[in-house]
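Notes to accompany the following structure.
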Amino acid sequence: QVRLVESGGGLVQVGGSLGLSCVSSGRALAMAWFRRPPGKERELVASINWSGDSTIYADSVKGRFTISRDNGKNTMYLQMNRLKHEDTAVYYCAADGTYGSAHPAYSEYDYWGQGTQVTVSS
């Protein structure tokens with residue numbers, strides 16, 4: 001069993017930046033950030049492969065967000081820049097215990113964090 005703990009959420013102004021972290025208690029292969037905007041379904045933000053050299057981004061965040069990981073620290077990161085109102089959501093960390101390649105398949109991730117709120121205001 002792998003436990004994931006997110007941190008770094010909060011309130012930020014439009015155009016600002018925020019960084020999220022996700023610490024894993026055990027071995028995590030592919031990892032990802034998902035988010036659930038108010039009143040909407042959970043959606044992929046970004047995914048990263050085991051070695052950290054292959055990534056996938058949602059079109060809505062390309063060029064603004066950067067996903068990365070440090071396996072020595074069992075930690076995944078999401079750097080969010082030029083934030084917009086529509087980035088407001090609960091952000092979830094996810095880890096796959098089977099597949100090492102980055103992928104957007106929500107149902108294939110085995111472990112989930114509790115979520116952290118990101119609110120972008122003007």
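The values are calculated or read from the model by the stated rules, or taken from the named source; none is laboratory data. No experiment lies behind these values; they were computed from the predicted model shown. Virtual Cβ from ideal backbone geometry, glycine too; neighbours counted across all protein chains shown. Remember, those area values only see protein heavy atoms, side chains included, never the ligands or the DNA or RNA. Shrake-Rupley method; radii C 1.70, N 1.55, O 1.52, S 1.80 Å.
Observations on the model:
- Test: residue in region 32-51 that is in contact (Cβ under 8 Å) with a residue 24 or more places away in the chain, closer than 26 Å to SER121 by Cβ and touching a Cys at 6+ places or on another chain (Cβ under 7 Å): yes
- Just one of (1) within 20 Å of PRO104 (Cα to Cα); (2) out of contact with any helix residue (DSSP H, G or I) (no Cβ under 9 Å at 6 or more places or on another chain); (3) open to solvent by less than 40 Å² (accessible area, probe 1.4 Å) fails for THR66. It is (3).
- Residue pairs whose Cβ atoms lie under 6 Å apart, separated by 6 or more positions or on different chains, with the first residue in region 1-28 and of a type in the set (Asp, Glu) and the second open to solvent by less than 30 Å² (accessible area, probe 1.4 Å), are GLU6/CYS22; GLU6/CYS93; GLU6/GLY113; GLU6/THR116.
- Options VAL12, VAL2: the member that is over 11 Å from the mean Cα position of the chain (by Cα) and at pLDDT below 95: VAL2
- Consider region 86-122 and keep the residues that are in a loop (DSSP other than H, G, I, E, B) and of a type in the set (Val, Ile, Thr). The one that is least open to solvent (accessible area, probe 1.4 Å) is THR88.
- Which listed residue is farther than 22 Å from GLU108 by Cα, among the hydrophobic types (A, V, I, L, M, F, W, C) and either open to solvent by 20 Å² or more (accessible area, probe 1.4 Å) or not in a strand (DSSP E or B) (or both), from LEU44, LEU83: LEU83
- Members of region 15-32 that are over 20 Å from TYR57 (Cβ atoms), touching a Lys or Arg at 6+ places or on another chain (Cβ under 8 Å) and exposed (fewer than 14 other Cβ atoms within 10 Å of the Cβ): SER25, GLY26
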